[in-house]
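Here the structure is laid out as structure tokens; the discussion comes afterwards.
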Amino acid sequence: MILHPHAKRSLFLGSSVLALAVLIGAFGAHGLKAIVTPEKLITFETGVRYHFYHGIGLMMVGLLQQTLPAIRLNAAAYSFLIGILLFSFNCYFYVLSGAKIFAMIVPVGGLLFVTGWILISVRLLKFR
């Protein structure tokens, strides 16, 4: 079986994002406890959790693109990927730097997560 190019890209991005989430999560669990406040550790863990959720979402998009090649889910995949960068990575940067500007960008990433899920649901409803 040959992977559809869109599926291949989404699956590659998803698996790469998930590998990075494991590394960042391990850093948070083992390297941050002694140097940040418990509140900031919770923020970091939230970033990691959403990083995982949407990495799995990217994998799901790839599987849908492979199974239903006519469905158009590239916008959802990019919403998840950019959402991870804006939500999760800004959580990480905020915890590590303390700069509030990073915390202010986080809601934009959350909005992209919601957008990605809505795009999937709309495309599935319209799919024949």
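The values are calculated or read from the model by the stated rules, or taken from the named source; none is laboratory data. Just so it is clear, the model here is predicted, and its values are computed rather than measured. Here the Cβ is made from the backbone with ideal geometry for all residues, glycine too, and neighbour counts use every protein chain on show.
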Given the conditions (1) touching a residue at least 24 places away in the same chain (Cβ under 8 Å); (2) of a type outside the set (G, A, S); (3) not in a helix (DSSP H, G or I), every one holds for T46 apart from (3)
Across the range 33-43, what is the number of residues that are in a helix (DSSP H, G or I) and in contact (Cβ under 8 Å) with a residue 40 or more places away in the chain?
3
With the structure loaded, tell me whether I71 is farther than 29 Å from M104 by Cα and at pLDDT below 95 or whether it fails that test.
yes
Considering only the range 52-69, state which residues are of a type in the set (V, I, T) and either in contact (Cβ under 8 Å) with a residue 12 or more places away in the chain or surrounded by 15 or more Cβ atoms within 10 Å (Cβ to Cβ) (or both).
I56, V61
Answer yes if at least one residue in the range 108-116 is of a type outside the set (A, V, I, L, M), assigned to a helix (DSSP H, G or I) and farther than 20 Å from L20 by Cα, and no otherwise.
yes
Tally of residues being loosely packed, with under 14 Cβ neighbours inside 10 Å and under 29 Å from L3 (Cα atoms) across the range 76-121
3
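Kindly evaluate H30 against the criterion of being at pLDDT below 95 and assigned to a helix (DSSP H, G or I).
Judged against the criteria, H30 is a match.
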Look at V17 and say whether it is closer than 30 Å to K126 by Cα, in contact (Cβ under 8 Å) with a residue 40 or more places away in the chain and surrounded by 15 or more Cβ atoms within 10 Å (Cβ to Cβ).
yes
For the range 62-100, which positions are part of a loop (DSSP other than H, G, I, E, B), under 20 Å from the mean Cα position of the chain (by Cα) and not hydrophobic (A, V, I, L, M, F, W, C)?
R72
Would you mind finding the one in I24, I82, I42, I71 that is aliphatic (A, V, I, L, M) and under 14 Å from T115 (Cβ atoms)?
I82
